[in-house]
1. So, VAL116, is that one in contact (Cβ under 8 Å) with a residue 24 or more places away in the chain, on the phi < 0 side of the Ramachandran plot and not polar (S, T, N, Q) or not?
2. Working only within the stretch 84-105, note down all residues that are crowded, with 23+ Cβ neighbours inside 10 Å and over 19 Å from GLY195 (Cα atoms).
3. Can we say ALA135 is within 15 Å of the chain's Cα centre (by Cα), among the hydrophobic types (A, V, I, L, M, F, W, C), farther than 24 Å from LYS89 by Cβ and modelled with pLDDT of 95 or more?
4. Go through the stretch 70-87 residue by residue and tally those that are modelled with pLDDT of 95 or more and small (Gly, Ala, Ser).
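The values are calculated or read from the model by the stated rules, or taken from the named source; none is laboratory data. Computed from a predicted structure; not experimentally measured. Counting neighbours? That spans all protein chains shown, and the Cβs are built from the backbone with ideal geometry, glycine included.
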Amino acid sequence: MNRFVDFALCGLALLGASAAAAPHPQRATAVLAGGCFWGMEAVFEHVKGVDNVVSGFAGGSAKDADYDAVSSERTGHAEAVKITYDPSKISYFDLLKIYFTVAHDPTEVNRQGPDVGPSYRSAIFPQDAQQKTVAAKTIAQLKAAGKPIATRVEDGGFYPAEAYHQDYVRKHPDAPYVVVNDLPKLAKLKRDYPGWWKA
């Protein structure tokens, strides 16, 4: 699956290059959902150009969110991460490339690995019109290459998760869930994208 995504994303090289050529703010924000936020957070914390990653919840109709409410699957939120990054060091397109090829499986519908339900869906929450365009074109390109991409582009606010969810992989590297589901993602990031890896 990841080889396919890597190949399909090559067709969007010009899109990424044009985004990189545009003037950049000092910092920008990306909000991405792709299963349990522990692994998503851990992956992006190890990406050069990323300053901060917060686990939380995005989308949904409620005006607030917490783990118990979201886990009930009644609020419409997805587990997500809010990424603060330096656009002069890594582009939004490059963050999406890592998202699609390392951080999660974009072909799974309402699940990631052992976690099942709409709160574990694959979704992108653009923070501005340019991000929305890049996200839509990236998804369209992947679908055109013949893979059933489940990732949706959605609107909605972001709500930080409880403190015990933050930096979970770093604090609990020996937890069985982390060993099985999250550490392999970090190994893949380091192996496949050594130029973006940071310890």
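1. Working: in contact (Cβ under 8 Å) with a residue 24 or more places away in the chain: no; on the phi < 0 side of the Ramachandran plot: yes; not polar (S, T, N, Q): yes.
Here the answer is no, as VAL116 does not meet what is asked.
2. HIS104
3. Values: within 15 Å of the chain's Cα centre (by Cα): yes; among the hydrophobic types (A, V, I, L, M, F, W, C): yes; farther than 24 Å from LYS89 by Cβ: no; modelled with pLDDT of 95 or more: yes.
Criteria not met by ALA135.
4. 2
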